[in-house]
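Notes follow once the structure below has been shown.
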Amino acid sequence: MKKNKTPLMHVLGLSILMGMSSSSFAEIIVNSTPSESQGSISWTSEDASQFLSHGGDALDEPSPQGSTTVTTTLRSTPATTQVPAKKVQILDTQTHANQPSVNARAALVMDAQTGEVLYSKNSNAALPIASITKLMTAVVTSDARLNMNEKITLQQSDFSCSGCKTSSSTLRVGDTMNRAEVLLFALMKSENPAASALARTYPGGRSAFIAAMNKKAKALGMNSTHYMESTGLHPGNVSSARDLGILVNVASQYGVIRQFSTTPRYDFNLGYRVLPSNNTNALVRNGGYNINISKTGFINEAGRCVVMHTTLNNRPVAVVLLGASTSQARTNDAIRLMNWVSSLPKNI
């Protein structure tokens with residue numbers, strides 16, 4: 001893919017770029033009200049890709065999946081301000097008939113606006129969650145409001161951790177990219193060294209990052225959740241489908257997580273090699289559903305897992321599946337559940 005910095009200047013406008021020069025990538029409002037807005041800009045998805053590949057520091061707030069417009073709003077609050085933890089009230093009023101059966105060990109479908117549980121299977125069981133962990137990794141990274149233009153070089157320690165499962169990776173020790181691209185690698189392609197590097201480069205290092213993950217979970221009321229590290233390779237990273245429904249709903253408030261987790265494909269140009277990469281979720285790659293948040297996961301202990309935030313029949317919905325036997329079974333479960341929710345009356 002040919003990269004050209006020049007067109008982006010025309011898209012954004014010199015005055016907008018000058019206004020952004022002192023703001024980091026993470027100093028973007030993700031859930032603004034009109035009174036907080038200082039201005040907005042739009043560009044095509046191609047322009048956004050160019051901006052990201054050149055270490056842009058102001059990309060956020062995507063439109064619904066499939067749209068080519070991205071709206072960005074600058075935050076006026078200090079860079080140290082974190083996105084507040086918003087608790088989600090889950091209403092266990094599962095009364096809907098003709099519910100589909102699923103292969104997964106645990107499942108939850110929740111109305112993301114009202115908190116009503118539409119479908120539940122073993123939803124309170126604490127289970128290994130594999131790379132679903134990376135969704136909290138992204139939330140903690142976003143809350144820290146770090147400079148997304150900062151270069152990060154992968155180290156040997158990013159490729160292994162005590163007690164973790166082994167995994168393959170297209171990344172190598174010495175690969176260098178900006179923090180935005182590291183986060184995109186972690187969310188879209190589920191690269192474990194990327195998630196590990198995000199924790200390592202957090203203020204205070206990995207131990208502080210893991211403490212922040214568990215603190216955030218507690219603040220959100222995720223009482224069955226515990227994190228050991230940032231990738232999901234440790235089987236001690238556990239949560240329940242109910243807790244993950246809360247996390248998915250909260251993560252949907254972050255524009256950067258919405259966009260990065262639902263990017264179907266991206267060619268990472270490291271300068272000395274290009275890594276063509278696809279989203280790990282076939283439903284995102286195929287584009288048949290309006291998916292706003294996506295994260296898959298797998299280790300033997302966890303089975304095949306996926307969490308999504310989507311819109312079905314004009315209803316925002318969080319979908320959680322843990323412990324499916326195969327990737328195809330996971331996808332089939334998700335399709336059955338989403339088609340079933342789409343058939344429910346809108347007023348339920």
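Residue-wise test of (1) touching a Leu at 6+ places or on another chain (Cβ under 6 Å); (2) aliphatic (A, V, I, L, M).
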site: 102; (1), (2): no, yes
site: 112; (1), (2): no, yes
site: 132; (1), (2): no, yes
site: 147; (1), (2): no, no
site: 157; (1), (2): no, no
site: 164; (1), (2): yes, no
site: 172; (1), (2): no, no
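Taken over region 99-111, residues that are surrounded by fewer than 22 Cβ atoms within 10 Å (Cβ to Cβ) and of a type in the set (A, V, I, L, M) amount to 1. Is it the case that some residue within region 273-282 is closer than 18 Å to residue 130 by Cβ, in a loop (DSSP other than H, G, I, E, B) and of a type in the set (Val, Ile, Thr)? For region 273-282, residues closer than 18 Å to residue 130 by Cβ, in a loop (DSSP other than H, G, I, E, B) and of a type in the set (Val, Ile, Thr): present.
Take residue 205 and tell me if it is out of contact with any Ser or Thr (no Cβ under 6 Å at 6 or more places or on another chain), touching a residue at least 60 places away in the same chain (Cβ under 8 Å) and either loosely packed, with under 13 Cβ neighbours inside 10 Å or not assigned by TED's automatic domain parsing to the domain that holds residue 237 (or both). Considered against the rule, which asks whether it is out of contact with any Ser or Thr (no Cβ under 6 Å at 6 or more places or on another chain), touching a residue at least 60 places away in the same chain (Cβ under 8 Å) and either loosely packed, with under 13 Cβ neighbours inside 10 Å or not assigned by TED's automatic domain parsing to the domain that holds residue 237 (or both), residue 205 comes out as no. Note on region 210-231: residues that are farther than 19 Å from residue 167 by Cβ and either assigned to a helix (DSSP H, G or I) or not assigned by TED's automatic domain parsing to the domain that holds residue 292 (or both) total 9.
Suppose we filter region 275-297 for residues that are within 13 Å of the chain's Cα centre (by Cα) and small (Gly, Ala, Ser); how many remain? It would help to see each step written out before you state the result.
To start, the set of residues in region 275-297 that are within 13 Å of the chain's Cα centre (by Cα) comprises 279-281, 284, 291-297.
Applying the additional criterion that residues be small (Gly, Ala, Ser) yields 294, 297.
So the answer is 2.
Tally time: how many residues in region 112-125 are part of a loop (DSSP other than H, G, I, E, B) and either surrounded by fewer than 24 Cβ atoms within 10 Å (Cβ to Cβ) or in contact with a Pro (Cβ under 8 Å, 6 or more places away or on another chain) (or both)? The total comes to 7. Within region 167-194, restricting attention to residues that are in contact (Cβ under 8 Å) with a residue 24 or more places away in the chain and among the β-branched types (Val, Ile, Thr), the residue that is surrounded by the most Cβ atoms within 10 Å (Cβ to Cβ) is 182. Residue 255: of a type in the set (Gly, Ala, Ser) and in contact with a Gly (Cβ under 7 Å, 6 or more places away or on another chain), yes or no? No: the conditions fail for residue 255.
Looking at 262, 310, can you tell me which residue is crowded, with 24+ Cβ neighbours inside 10 Å, at pLDDT 95 or above and more than 28 Å from residue 165 (Cβ to Cβ)?
On the way: 262 fails: more than 28 Å from residue 165 (Cβ to Cβ).
When all the criteria are applied, what remains is 310.
Among the residues of region 232-249, is any out of contact with any strand residue (DSSP E or B) (no Cβ under 9 Å at 6 or more places or on another chain), in the same structural domain as residue 186 (by TED's automatic domain parsing) and surrounded by fewer than 23 Cβ atoms within 10 Å (Cβ to Cβ)? Within region 232-249, not a single residue is out of contact with any strand residue (DSSP E or B) (no Cβ under 9 Å at 6 or more places or on another chain), in the same structural domain as residue 186 (by TED's automatic domain parsing) and surrounded by fewer than 23 Cβ atoms within 10 Å (Cβ to Cβ). Scanning region 97-155 for residues that are in contact with a strand residue (DSSP E or B) (Cβ under 9 Å, 6 or more places away or on another chain), closer than 16 Å to residue 246 by Cα and polar (S, T, N, Q) returns 113, 114, 120, 122, 123, 124, 133.
The values are calculated or read from the model by the stated rules, or taken from the named source; none is laboratory data. Since the structure is predicted, the reported quantities are computational estimates derived from the model, not experimental observations. Note that each Cβ is placed from the backbone with ideal geometry, even for glycine, and that neighbours are counted across all protein chains shown.
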